[in-house]
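Bear in mind these aren't lab numbers, they're just calculated from the coordinates by the rules spelled out. The structure displayed is predicted, hence computed values, not measured ones. A quick note on method: Cβ atoms are made from the backbone with ideal geometry, for glycine too, and the neighbour counts reach across all protein chains shown.
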């Protein structure tokens, strides 16, 4: 690189590089295309992520609906506290709860209902169709109005002005909610409705159950001294640990985390694409060097040094990198406009293209690292070209140069690349693991190629010409079989792994869960009506499978006296167990499907002491041990209990499961409600309609509806992941072609000699088929093994699903990849089937 | 006057231990400044190896080689490149023009290797002298064998090297082309006071040289 700083040398390098570039661009298409596609993928990911994060940051107050939010859960805040809020600014209160919304003749739907006052939202606006509909819910009339989202409208086939029933009261549909400023998951993915606070009060609920949430938003009168006001508000509500406060910027955190996780996945896929592209770059450069073997030797004979020639080729690659990264970045900058079309409109998010030079440098730097890593072994092969060969007319193909110096340099560059990615993600462990697995796979396939050559040498007993030619091509000194094996092996492994993971996930959603899951999930059932409800349902269907469990709300305070925030980080896999309100249950005996794996169940009785049974996975993640002391806030009172055992809980069957179970004797003193599940041979919609008619306050979720919502979301994710995988696969195929190109010059020469010696076309074709079959056949076993192990680990450990092998899918992938690859190889090799004798005679 | 090329007890062998093939066996010879010599001998005798060693494109197993008094045995690749750039022009039997460069560009390459830029005019003048004024911007594939070799010679001479090494320069040409090519090479060498070493099987070419060095089984006879 020091050579570039000598101006005259730089001018010369620039001149040669541009001239070579303009005359050899066809040979550089593999580098240009693979670099461009992988940089584009990276750029799209970065741009959309940046745009989303900046949208969330810029609209943080709208996303919260105020300058400060207080959530008090089931119980409203005392009036004196709200008065203190009002002293600071405008206050808007909302209540959220789950209930059933029905239309005569249609099965009721489980709906997230939000009751709002006329000051809501303090920032932003409720977008409705028609536009004035949001005001109509506050107009006093005999029949109150409700705003529904599109999902409810479709499910119940509702029109404006139609009547619906909520908790026994009739409402008129005033309009459709397009979006609310604060992100509401149910508004985007489920069923969501808005009524006025006045209408809510008419329900006359004594207790809305544990699914009720009171929220208060404050808009400060004084926009200065915001931090002091926030501190003051926190001190007002500090008397109750279960009261949560939220600041602008924190409201979009869950969405940010989802975005970060997904973009992290995309980044890893992008960098995989780039690393595979890197293999293509390496192959192409090696092919380029070999094709220019004579020119390089001539330049050396004239007095150019190897390092000058290497710098010249590297400069060419650098020009391609600059060109492709600029174009990829510019396209990426505008990708948020496309993302706006794909994101649900209900999110109310409007992404804007933002150009940042730092963003470009980010893409360019990653591209540069990959280019350096993969071009060094190829370009250093130039030093192996001997100008003395010009006297002898004998040119040997050079192979990748892995000198000790190069290996050390590569290790440093790889560490920088991995570290650069790891420091940008929150999931550091998985990122490192991914990179390690990826590079180990590359080495496995390098080892496979060497093993293949060794085995072939030991079983050499061929009498057929085609077999002999195939054998010689594979075992020849400086054979190119390793490059082919690595390129094909990585591509096939990635394809198999992604397909296995996707297939297992799809199977779980479409087959396993529905067969195990109940039909209905009842929530927030008042304990006074539980036995009547149970009798009523059994009257409708005597064979029904019903299960009810008591439930109370609690929040996690401390573990062994240490505040839980200090013990558990937000990135902990089981942080959800200790964050916010958690539903707990109790029982006298352990559930048969919750086997105890550590500790023992408690003795009956002992109503003054709380014993705790924990979900084993959460317990291990949170670092708990048997006999640890946990403090829970139950109904405003801190209660400390002892951990007695860990249970293995499988949440996949969607039956009633709790992360925390306490002893019944202690829990008998607590106010509680029930949750329940129902599985019936009869139509769950019919049963639900009858139940809601008889018990208007009962809410139930239809599991098939939830599953279809999950499937819808998953299908969209699958489309995105498949599209991204396809890009990786396309790059993989280009890489395979580049591997073939590496061989073209020498194969053409060899075939020319065979032709002169009288070997016919079918023999050469058969030899090529044999060679491909041997290499592909060998790597199938290893690609399959790596794919099975990695997909098993992802499916069983990360997704917590049961892994299954699909022979049909495997065969389909193996055969189709083989066919596509072989056809591509034949096409790329078409020039070697009928080599012209004249250039050989002319030494061209 | 010091020798342009000086070989002292130079040996060259390929392979290792028992399998080693001794190509040159402790040879001693020198080429004086402005001297024109030919190296003759049967195939495999070691003729080409001598000019490979002299050009620094092969490393001697033993002995000392001096180019214009500079010891080149033991030099690094970059240093050898510099010696070649400043002292030596090479003409190959198979021309070896760079296929994607025009005739002028192929010749200019030598100048540029020596950090002499924007001298295409010099390249054109030399090609003009060699009767190739109508072929300046043609690619090698568009030139005949004789034309290609004239471009190759121009490439070797453009830098005004002190030594020209030519390996069977007419081996791929017919007799008419061969004669005119050698006239060109001899005239230019004389004019520019350059040493010339020609490896050849052609006695008529060898006889035109100041001295003939015969080599047999790796030894000068």
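Counting other C-beta atoms within 10 Å, which of B:137, A:214, B:201 has the fewest, and how do the rest follow?
On the way: B:137 11, A:214 20, B:201 14.
Lowest to highest Cβ neighbour count: B:137, B:201, A:214.
Taking the 0 to 90 degree range and rounding to the nearest ten, how far is the long axis of helix A:253-291 tilted relative to the main principal axis of chain A, both from C-alpha atoms?
10 degrees
For segment A:545-679, what is the percent of antiparallel DSSP beta bridges, rounded to the nearest 5?
On the way: 30 of 39 bridges.
Restricted to segment A:545-679, the bridges split so that about 75 percent are antiparallel.
Over what distance in Å are the Cα centres of segment B:140-165 and segment A:47-110 separated?
So the two Cα centres are separated by 84 Å.
How big is the Rg/Rh ratio for segment A:1-123, C-alpha atoms only, Rh by Kirkwood, two decimals? Spell out each step's value before the answer.
On the way: Rg = 30.7 Å, Rh = 21.8 Å.
A ratio of 1.41.
When DSSP beta bridges are limited to those with both residues in segment A:66-250, what percentage is antiparallel, rounded to the nearest 5? All intermediate terms of the calculation are to be shown ahead of the outcome.
Values: 35 of 45 bridges.
So the antiparallel bridges amount to about 80 percent of the total.
Taking the square root of 5 times each eigenvalue of the Cα gyration tensor, what semi-axes in Å does the equivalent ellipsoid of chain B have, largest first? Walk me through the intermediate numbers first.
Working: eigenvalues 169, 75, 54 Å².
Computed over chain B, the values are 29, 19, 16 Å.
Quick one: B:117, B:186, A:429, fewest Cβ neighbours within 10 Å first, how do they rank? Mind dumping the intermediate values first?
Numbers: B:117 13, B:186 16, A:429 10.
The order, fewest Cβ neighbours first, is A:429, B:117, B:186.
Once each part is reduced to its C-alpha centroid, what is the distance from segment B:64-137 to segment A:556-610 in angstrom?
Using only Cα atoms, the two centres lie 83 Å from each other.
How big is the gap, in Å, between the Cα center of segment A:147-165 and the Cα center of segment A:385-427?
First find each Cα centre; the distance between them is then 64 Å.
Sum -39500 (n - 2.57) across every DSSP H segment of at least 4 residues in the protein assembly as shown, then divide by the residue count to get the 222 nm mean residue ellipticity, nearest 500. Before the final figure, lay out the partial values.
Values: 37 runs with 534 residues, N = 1065.
Rounded to the nearest 500, it is -16500 deg cm²/dmol.
According to the square roots a ≥ b ≥ c of the eigenvalues of the Cα gyration tensor, what is the shape class of segment B:41-110, taking rounded for a/c under 1.5, prolate for a/b larger than b/c otherwise, and oblate for the remainder?
oblate
Would you mind giving the average projected area, over all directions, of the Cα convex hull of segment A:66-250 in nm² with one decimal?
Taking a quarter of the hull surface, the average projection is 10.8 nm².
Which of B:115, B:193, B:149 moves most in a GNM of chain B, Cα contacts under 10 Å?
Of B:115, B:193, B:149, the most mobile in the Gaussian network model is B:115.
Compute the long axis of helix A:7-24 from its Cα atoms, compare it with the longest principal axis of the Cα atoms of chain A, and write down the angle in degrees, 0 to 90, nearest 10.
The answer is roughly 90 degrees.
Tell me, Kirkwood radius of chain A from alpha-carbon pair distances, in Å? Mind dumping the intermediate values first?
Working: mean 1/r = 0.0317 Å⁻¹.
Roughly 31.5 Å, rounded to one decimal.
If you take the C-alpha gyration tensor of segment A:545-679, multiply each eigenvalue by 5 and take the square root, what semi-axes do you get, largest first, in whole Å? Before the final figure, lay out each step's value.
Working: eigenvalues 89, 61, 46 Å².
Values for segment A:545-679, descending: 21, 17, 15 Å.
If I fit a long axis through the Cα atoms of helix B:120-129 and take the longest principal axis of the Cα atoms of chain B, what angle between them do I get, 0 to 90°, rounded to 10?
On a 0 to 90 degree scale, this one is about 80.
Could you list A:498, A:101 so that the one with the fewest beta carbons within 10 Å of its beta carbon is first and the one with the most is last?
A:498, A:101
Restricting to bridges with both residues inside chain A, how much of the DSSP beta-bridge set is antiparallel, in percent to the nearest 5?
On the way: 74 of 93 bridges.
The answer is about 80 percent antiparallel.
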